[in-house]
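This report refers to the structure that appears directly beneath it.
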Amino acid sequence: MQFKHLSILPVFVFIAGCGNSAQNSAIKASHVASNINLPSYSINDIFIYDDGHIERVSDIQGEIITWETSEGALSYKAYRNFVLPMLEWETLSSIGRVEIDIVDYEFLWPLKIGNSDSINFKEYIEDKSGASNSRSFNQKWTCVVKQEEQVLTTVGSFNTIPITCDLYFNSSDLIQSSTWFYAPKIQHYVRRIYEIPGSSKTSSMRKERNLISYIPTIAGL
């Protein structure tokens, strides 16, 4: 798979900064969060992050979005509600999919501070090496909507609504936490933080990804 749109990135970069600061400060967090519905995407929307990660919407089938990353190193299918676990994915070395017990397309939405919910699902991972190394895991996904935060990025300052989800093995062992800072202005998150617990605070791993460019379809792709 080739990521064929990289050559035009410098031409169509859309700077999604903030609006009038006085107006933004006047918006109460409770009002913002209670009126946020699911995001809407279009084919060829592109999101570029500061860690070199690039994602493009390559297909849309109802509530399911197919995403392609730079150089085709990873492609995956996920619900328009990005908070839900990925449905299918493929890397250079493995293929994965999940079976969700109950699918609620509007899981946690419309966003409202303090909302929380959880789902159970089963994950299947297959090694592409041909070694017949197939694994499955029972997991639990628990999420909560947090207080609004102002997030500063290289493309501007955004009013965001953080959503934190914890992933558990067998409903007890914490595997990782993910927090999306969703910006209603561009209907996508401008920051994502991954945290994997270790045996101590010093051994835990934290990774942060910030949006540096957003190229919507209307930019001329």
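The values are calculated or read from the model by the stated rules, or taken from the named source; none is laboratory data. In this text the structure is predicted, and so the values were computed from the model without any measurement. With ideal geometry, Cβ positions are generated from the backbone for all residues, glycine too; neighbour counts draw on all protein chains shown. With ligands, DNA and RNA removed, areas are computed over all heavy atoms of the protein, side chains included. Shrake-Rupley method; radii C 1.70, N 1.55, O 1.52, S 1.80 Å.
Okay, here's what the table says:
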{"quantity": "Residue list for the range 164-184, filter: under 17 Å from ASN37 (Cα atoms) and surrounded by fewer than 17 Cβ atoms within 10 Å (Cβ to Cβ)", "calculated": "none"}
{"quantity": "Residue within the range 67-84 that is open to solvent by 20 Å² or more (accessible area, probe 1.4 Å), farther than 30 Å from PRO216 by Cα and assigned to a strand (DSSP E or B) present", "calculated": "no"}
{"quantity": "Whichever residue in the range 86-102 is touching a residue at least 24 places away in the same chain (Cβ under 8 Å) and hydrophobic (A, V, I, L, M, F, W, C) and, among such residues, is farthest from PHE137 (Cα to Cα)", "calculated": "LEU92"}
{"quantity": "First in the range 164-181 and among the aromatic types (Phe, Trp, Tyr), second anywhere and assigned to a loop (DSSP other than H, G, I, E, B) and surrounded by 13 or more Cβ atoms within 10 Å (Cβ to Cβ), Cβ under 9 Å, 6 or more apart", "calculated": "TRP180/PHE82; TRP180/VAL83"}
{"quantity": "Contacts under 9 angstrom Cβ, first residue in the range 184-209 being assigned to a loop (DSSP other than H, G, I, E, B) and aromatic (Phe, Trp, Tyr), partner at pLDDT below 90 and open to solvent by 50 Å² or more (accessible area, probe 1.4 Å), 6 or more apart", "calculated": "none"}
